[in-house]
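Asks: Got a structure for you, questions after.
The values are calculated or read from the model by the stated rules, or taken from the named source; none is laboratory data. This one's a predicted model, so the numbers in the text were calculated from it and none came from an experiment. Positions of Cβ are generated from backbone atoms using ideal geometry, with glycine treated the same way; all protein chains shown enter the neighbour counts.
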């Protein structure tokens, strides 16, 4: 027991596999372009995906509890549009930021209320709010784009000790979420609900409250992503961030979190974020159109879930020995 | 008290009321031009919804149908580019074949790889959209390519009085009647209902989940292929980035409005048909009263929520346990 090993830190086979794939991607990328391995370029391109990574990290709570939230991309774009509108109306930076985060929480809470009110499956309610929230953004903005004041432009280019601000947010958030799942009651209860809802309820877990918190957190994370997005682009349009729920869910699932709930892997999500952002960058410099990249993400998602589904018994054993 | 009514009647009430309200509020809908645009909207949605219905009956959901429609439309467009004088039956065969293969891929992933239906079809929603770009080389299918044999499906038809029923609508009616008959009489399709209401029990009676998933997703893809013909006949052009985008939402909404339970096991063609008619009427009424394109997505989201509310199923415990739509596949 005293022998130091990576597995005691929670390192597992999935992590090794993703790390190997990251290196493979780096090698392929350096073959596609000489300048790929440039430190600044890599930092910039990974920062581009930090928004999705942040959403993915928090989506872990929702998915680990056995449900899914498909409205995150629409919350992101609606919050971005709200931010742009507010700042264009002359509100100060802190007011805009607070309003944006508050709006994210409110939209997440709306999902919860609707699930309860309509007594419908969460995924269908969030399919409806996916349309609704983006629809509100479209009505709010019309066809134009709204620029934001200089004071909040370009947070993605500011670095602190070698990393950009969005990446700092992402990594600190990962540590926080890892601790919550490992140590905090909320994280443990989320996992309990995901592995067996009925048993968790019988054990005194407040299932609906725990799930509600997960949805609100996902809304807040999407709002953070939206605020970072406006800062990066300097403007907001209603058709931004379409389909990022696929990216986010893929990061979560490739990282080793079970799509059926009950098992979470925060470190895996971070590694999957690095892998996917590098792969997308390589595909970008290889001039692959965005739609082809989406196709690839789809395949990756299926492959990741199928890889788990094919050997359920093995997985179960690993579960038992670990917990 | 409404429980005394036969289920088919009970499930038809909400969409029928919706249609009636639209006609009451928007009298201009009775004008021939408005009726014609309803009739041209309806077949595409109807075909998609019939396919979607069986998937939902099996307790799953298929959100990739919009992309399958896009893929099949682009494939058909490319086919017409090289074979401008192909007979219309061949056009149907090409689109339906592409749709069927795409649907079977979904079914195989869900049935054999045991990936939850929602996750599978979110992923293939992206993948099939990519295929739509690949098959067309990211080019747009223009009106000059689409042969008259295809556009005539929407513009010509059987005259009834001063009004023409387009061929494609007649095709959709026949397809719906055929499916209604098949669902009532073919044992294999009956077993989809058994599977949807109780997967465990169906398994014990010797119904394998993989064959059910292959069947329902295959049919859903096939009907999305038919819908692709309807799309091309109506618009006479198609772009890989826009053909069929978001139509999965309308198809699911039509099925939900038509009273099919999301937890699986029930769902009838006739009420779903009224659901499609309602959505088509709604769409045209919004255009008639001048609600701009900017508002459509918002209104649509609200209606899907309203439909979910109207559809509140009788068995909440069952409903909440299928919250991700994934447990059934486990």
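Asks: In the range A:193-236, what residues are in contact with a helix residue (DSSP H, G or I) (Cβ under 7 Å, 6 or more places away or on another chain), more than 30 Å from residue A:137 (Cβ to Cβ) and in contact (Cβ under 8 Å) with a residue 40 or more places away in the chain?
Replies: A:193, A:194, A:197
Asks: Please enumerate the residues belonging to the range A:235-253 that are closer than 17 Å to residue A:298 by Cα, surrounded by 24 or more Cβ atoms within 10 Å (Cβ to Cβ) and either over 12 Å from the mean Cα position of the chain (by Cα) or away from chain B (no Cβ under 14 Å) (or both).
Replies: Result: A:241, single match.
Residue by residue, here is whether (1) part of a helix (DSSP H, G or I); (2) at pLDDT 90 or above holds:
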position	(1), (2)
B:125	yes, yes
B:130	yes, yes
B:133	yes, yes
B:144	no, no
B:149	yes, no
B:164	no, no
B:168	yes, yes
B:176	yes, yes
B:181	yes, yes
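Asks: Within the range B:278-302, restricting attention to residues that are within 10 Å of chain A (Cβ to nearest Cβ) and crowded, with 22+ Cβ neighbours inside 10 Å, which residue is modelled with the highest pLDDT?
Replies: That would be B:301.
Asks: Given the criteria over 12 Å from the mean Cα position of the chain (by Cα), at pLDDT 90 or above and under 22 Å from residue A:301 (Cβ atoms), does residue A:268 qualify?
Replies: When the stated conditions are applied, residue A:268 passes them.
Asks: Does at least one position in the range B:234-244 carry a residue that is within 14 Å of chain A (Cβ to nearest Cβ), surrounded by fewer than 23 Cβ atoms within 10 Å (Cβ to Cβ) and modelled with pLDDT of 90 or more?
Replies: Yes, that holds for at least one residue.
Asks: Please list, ordered by first then second residue, the pairs with beta carbon atoms under 7 Å, 6 or more apart or interchain, first in the range A:154-177 and within 22 Å of residue A:267 (Cα to Cα), second part of a loop (DSSP other than H, G, I, E, B) and modelled with pLDDT of 85 or more.
Replies: A:164/A:158; A:165/A:158
Asks: Still on this structure, please answer the following. Can you confirm whether residue B:270 is modelled with pLDDT of 90 or more, more than 10 Å from every other protein chain (Cβ to nearest Cβ) and surrounded by fewer than 19 Cβ atoms within 10 Å (Cβ to Cβ)?
Replies: In short, yes.
Asks: Then there is this: Only one residue in B:66, B:77, B:51 is surrounded by 19 or more Cβ atoms within 10 Å (Cβ to Cβ) and within 14 Å of chain A (Cβ to nearest Cβ). Which one?
Replies: B:66
Asks: Another one. Take residue A:73 and tell me if it is within 10 Å of chain B (Cβ to nearest Cβ), under 16 Å from residue A:249 (Cβ atoms) and in contact (Cβ under 8 Å) with a residue 40 or more places away in the chain.
Replies: In short, no.
Asks: Here is a follow-up. Among the residues of the range A:260-293, how many are crowded, with 24+ Cβ neighbours inside 10 Å and within 19 Å of residue B:124 (Cα to Cα)?
Replies: Number of matching residues: 1.
Asks: Exactly one of (1) exposed (fewer than 14 other Cβ atoms within 10 Å of the Cβ); (2) under 21 Å from residue A:264 (Cβ atoms) is unmet by residue A:195. Its number?
Replies: For residue A:195, the exception is condition (1).
Asks: For the range A:130-156, which residues satisfy the criterion of being out of contact with any helix residue (DSSP H, G or I) (no Cβ under 7 Å at 6 or more places or on another chain) and surrounded by 13 or more Cβ atoms within 10 Å (Cβ to Cβ)?
Replies: A:145, A:147, listed by residue number.
Asks: Out of everything in the range A:85-109 that is in contact (Cβ under 8 Å) with a residue 24 or more places away in the chain and more than 19 Å from the chain's Cα centre (by Cα), what residue ends up being nearest to the other protein chains (Cβ to nearest Cβ)?
Replies: A:85
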